[in-house]
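Visitor: Below you'll find the structure I mean.
Just so it is clear, none of the values below were taken in a lab; they were calculated from the coordinates. It should be emphasised that the depicted structure is a prediction, and the values quoted were computed from it without experimental measurement. Using ideal geometry, Cβ is built from the backbone for each residue, glycine included, and neighbour counts are taken over all protein chains shown.
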Amino acid sequence: MTLELLERSLSDLASDIPGATRVFRQHKLDFCCGGQVSLREAAERRSLDAVGLARTLTSLLEQAEPADQDWRQASVPQLIEHLTQRYHQTHREQLPELIRLARRVEVRHQEHTDCPAGLADVLEFLHQELESHMHKEERVLFPMLAQGADAMAQSPIVVMRLEHEQHGESLEAVLALTAQLQPPVDACTTWRALYGGLEQFRQDLMEHIHLENNILFNHSVQRARGDHHA
């Protein structure tokens, strides 16, 4: 996989691999105007480690693969660690880049009939809400659950579930503004990269909420009921 990526163009990689634009931007690789150059050639021009870059992109692809582990069988601390490392940290990387791309598309293509006007503001709001939400989980709820304080955790869980519903409403707003994340046929590389990244973010957030609502929180509710009846 890594070696195959070396011969693909920057524009293809930017469109197909969520997070690739962030990597290219860090290394000052032009994936938009000069995006038809292969990763190998672009890296050589800037005296960069092409194979190292390809490995980084491969890791992004692997990170995007849905996990096949049955998290119902994991311990509470294991599931919490997975949620914070795989999803909380990932969202913190995804959203700033998606906001940047959205603002760029809105400015450069404001005359286009399919321009997602207002998308960056929706993502900015979602970023702020999600950061506040994750902070409360990491500092308050997750420590409670890890310590087995399930009865005490029930009120925070209700609040977190409500906030999850609000995140879902924000995702619906994103879909409405982007024609269900379908770029127009004449979309530039940045536009396609934005929608590709948004699709990955949407999948990640939905899986994230699923693991919390349907596994972590439900498990705590059941344990709290057991404690109550004991």
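Visitor: Report whether or not Glu4 is of a type outside the set (Lys, Arg) and either under 25 Å from Phe142 (Cβ atoms) or buried (at least 18 other Cβ atoms within 10 Å of the Cβ) (or both).
Guide: Answer is no for this residue.
Visitor: Tell me, which helices (runs of 4 or more DSSP H) wholly within the range 1-81 include 2 or more residues that are within 23 Å of the chain's Cα centre (by Cα) and under 21 Å from Phe201 (Cα atoms)?
Guide: Result: 10-16, 20-26, 50-64.
Visitor: List the residue pairs whose Cβ atoms are under 6 Å apart, where the first residue sits in the range 6-18 and is β-branched (Val, Ile, Thr), the second is in a helix (DSSP H, G or I), and the two are 6 or more positions apart or on different chains.
Guide: What qualifies is Ile17/Leu57; Ile17/Leu60; Ile17/Leu61.
Visitor: Can you tell me which residue within the range 104-115, out of those that are of a type in the set (D, E, K, R) and more than 16 Å from Leu181 (Cα to Cα), is surrounded by the fewest Cβ atoms within 10 Å (Cβ to Cβ)?
Guide: Glu111
Visitor: Can you tell me which condition Lys28 does not meet? The list is (1) surrounded by 20 or more Cβ atoms within 10 Å (Cβ to Cβ); (2) on the phi > 0 side of the Ramachandran plot, and all the others hold.
Guide: The number of the failed condition is (1).
Visitor: Among the candidates Leu48, Leu60, which residue alone is surrounded by fewer than 17 Cβ atoms within 10 Å (Cβ to Cβ) and aliphatic (A, V, I, L, M)?
Guide: The match here is Leu48.
Visitor: If you don't mind, another one. Only residues that are assigned to a helix (DSSP H, G or I) and either in contact (Cβ under 8 Å) with a residue 60 or more places away in the chain or in contact with an Asp or Glu (Cβ under 7 Å, 6 or more places away or on another chain) (or both): list them for the range 111-128, please.
Guide: Leu119, Ala120
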